[in-house]
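*Asks:* Quick one: the structure is below, questions incoming.
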Amino acid sequence: MNSADAVEPAELPTLGGLDAVPGAAAPVGKAVKKAPAKKAAARKAAQDPAAELPVARVCVDLPLPHLDRPFDYLVPAKLDADVVVGGRVRVRFAGQLVDGYVLDRVESSEHGGRLAYLERAVSAEPVLSPEIAAAAREIADRCAGTLADVLRLAIPPRHARAEEQPWPASAGAVPDGPRPGWDRYPHGPAYLRALADGRSPRAVWSALPGEDWPARIADVLAAALDGGRGAVAVVPDARDLERLDAALTARLGDGRHVTLSAALGPQERYRRWLAARRGDVRIVAGTRAAAFAPVADLGAVVIWDDGDDLHAEPRAPYCNAREVLLVRAQLAGAAALVGGYARTCEAQLLLATRWAQPLVADRATVRDAAPRVTPLGEDGQLARDAAAATARLPTVAWQAARSALAAGAPVLVQVPRRGYAPSLSCGRCRAPARCATCAGPLALPGGGHAIAGCRWCGHLAGDWTCPSCGGRGLRAAVVGARRTAEELGKAFPHTPIRTSGRDAVLTSVPAEPALVVATPGAEPVVAGGYGAALLLDTWALLTRADLRASEEALRRWANAAALVRPAGAGGQVVVMADSGLPVVQALLRWDPAGYAERELAERAELGFPPAVRMASVTGTPDAVADLLALADLPSGTETLGPVPVERAGSEETVERSLLRVPRSAGRALAAALHAALGVRSARKAPDPVRVEVDPLELF
DNA sequence: TAAAATGCATGT
DNA sequence: CATGCATTTTAC
């Protein structure tokens, strides 16, 4: 009704007439004000709107939560052809020129006031496809974030040159071949067949130890192509991507896929991204940000090693590549494959809800593929050999390494990275100490000998008693990994030592005797597999004050152990952890699926994610309190904390609250937090609050 | 960085 | 208490 004044077709000729006589500042709608109509106003009014669909609904690229909605603009007739749905535009917003995306073009606006004209069409390239727009909106809603924030992750910066370059014509037919690798999984061939037939099977894949996972993923992507559809695969890091790229080239030939990673320059990155958007290539493999790759006619999404924290986006709204891919699969009706040597609780939940089916091998096949795993508690017998004893190596570990080296194979030594927060465990039985009130992890509040408290709810644990053994003493976990690695050389004097870690990551090592010391995630591959692997200083992993400590330990161990030869070929893994721990048992039996099942059940019982939905609210004490007071939280929301957050190098006090709701209320929780953030941003509240839904770190 | 809304001093 | 000008707020 009142919107009509802006776009009333009857008005168009009048406006058109004005255009011809710029000097004539005639009455235009409400502009019938005072005597001197300004020149600027005349210039504005002198435009006329496009004849068809004159209103553009625009997502303005601003990070303010209270502006997270479309704004309507008139499309000037001159820009009609360039203002396409999904295109980039520039608009005047509160006086400033800002970037935006055209979400839609419509006949009229619901907006009460007058509409401004679009300032400029940046390009006619529809970079925001409807599929990505819908997925991005969904992700924003789940994460209590804004659409603009998500689009900043989803759409790379424009590079005009790249837009002009045509993509070379692709090769001929998709090479079709047998995919025997999947025969080892009873439902593997059926999964591929379904995909090739244009159906959309969803599976959680437990990769066999030693599996050539890049080749298996290439099989899946090829099957999507067979079915005439595109697909996206996401891996944790550049090294994994290199391997997947090679596997895809081997299976599909050149030019049928692209890789996307942060390592590419802006131009090349945008060029490849556009190739996908335009349908010039249908298969995209990449790291985290590629989860948003605008593959046309999406047939399948794949994520490898979804527990890797590299899949978590560190920028607002802190979404995870797995979530992004699964949302896309859901909305686009595409197939999904969540794979890894280990299994996350989130993947287990997909199975529990029947959203996905397990893709696993028989026990016998698993046994044949797995190395022999030997557990060793801390009190394992130290080697008698003086050199080995210096390195604090137990006999079994030392012997396993020796025999592998003697057989001409390299030995993998996994040592955790420095810097895990030491936490508290029972002094007698070493079980992680948990809060009696909320079951959060206990820790010492920095430095002194103060009383232990809960990192989640802040309850003090002065009279703590271990629920499993009745012990009353607490001990801090000892972290000292590097040193062991350095001392290894002394235990094996004539063996070359290679290291692969944060700074210098090796992709592969030659199949010859060597000690390969690597941090988790940086283990080089070796043709034929390692002869042995030693998993050292496991306490540093297991006693981390993190809900996921055990799950993460198993994931890292499995990723290392998967690189070792099968037991039948002499492969041995020695894990320096107590065989009584369920997580060690899971490695011993190579049963990450069983472990995930058990872990998820436990979390359901304790009320932890992913069995429930949690959100963290972090900021200055006042800001956190303000946000929580403003938020209309769903009934039954449990608030834990706030507790102080220790941040190195920062003097100001920062607090964090955790909110817990049943999964069914997850949406409402996110919506409430988003709305509260909006109120604060509209008010220009000075202290920022960070809201994270399902934060990775829960202490 | 443009208009609209609000604040404020000034003169009646 | 209307007026004009400066400042703040809104956001199409």
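Read the figures in this text as sums done on the coordinates, not as results from a lab. From a predicted model like this one, the values you see are computed outputs, not experimental measurements. Every residue, glycine as well, gets a Cβ built from its backbone with ideal geometry; the counts of neighbours run over all protein chains shown.
*Asks:* Please list, in order along region A:488-496, the HN-Hα scalar couplings obtained from phi with the Karplus expression 6.51 cos²θ - 1.76 cosθ + 1.60 (θ = phi - 60°), rounded to whole Hz, x for Gly and Pro.
*Replies:* In residue order, the calculated couplings are 4, x, 5, 6, 10, x, 9, 10, x Hz.
*Asks:* Right, something else. Could you derive backbone 3J(HN,Hα) for region A:368-375 from the dihedral phi with the Karplus parameters 6.51, -1.76 and 1.60 (θ = phi - 60°), listing whole Hz in sequence and x where the residue is Gly or Pro?
*Replies:* With the stated coefficients, region A:368-375 comes to 5, 8, 7, x, 7, 10, 10, x Hz.
*Asks:* I would also like to ask the following. Could you compute the net charge surrounding A:Ile303? Neighbours are other residues with a C-beta less than 14 Å from the C-beta of A:Ile303; K and R count +1, D and E count -1.
*Replies:* Surrounding charge for A:Ile303 is -2.
*Asks:* Express in whole angstrom the spacing between the alpha-carbon centres of region A:572-624 and region A:201-249.
*Replies:* Using only Cα atoms to place each centre, the spacing works out to 26 Å.
*Asks:* Taking the Cβ of A:Asp61 as the centre, find all other residues whose Cβ is under 10 Å away and add up their charges (Lys, Arg: +1; Asp, Glu: -1).
*Replies:* Taking every other residue near A:Asp61 into account, the sum is +1.
*Asks:* So, one more: Can you give me the Cα centroid spacing of region A:355-375 and region A:42-82 in angstrom?
*Replies:* Each part's Cα centre sits 57 Å from the other's.
*Asks:* Quick one: length gained pulling A:Arg354 to A:Glu268 fully straight, 0.36 nm per residue minus the C-alpha distance?
*Replies:* Details: separation 86, 0.36 × 86 = 30.96 nm, distance 4.01 nm.
Stretched out fully, the A:Arg354 to A:Glu268 stretch lengthens by 27.0 nm.
*Asks:* Just add up the charged neighbours of A:Val373: K/R +1, D/E -1, any other residue whose Cβ is under 13 Å from the Cβ of A:Val373.
*Replies:* +3
*Asks:* Could you pull out every residue, at least 5 positions away or on a different chain, whose amide H is within less than 5 Å of the one on A:Ala433? Hs are placed 1.01 Å off N in the peptide plane, and Pro or chain starts have none.
*Replies:* The list, which skips near neighbours in sequence, is A:Leu424, A:Ser425, A:Cys426, A:Leu442.
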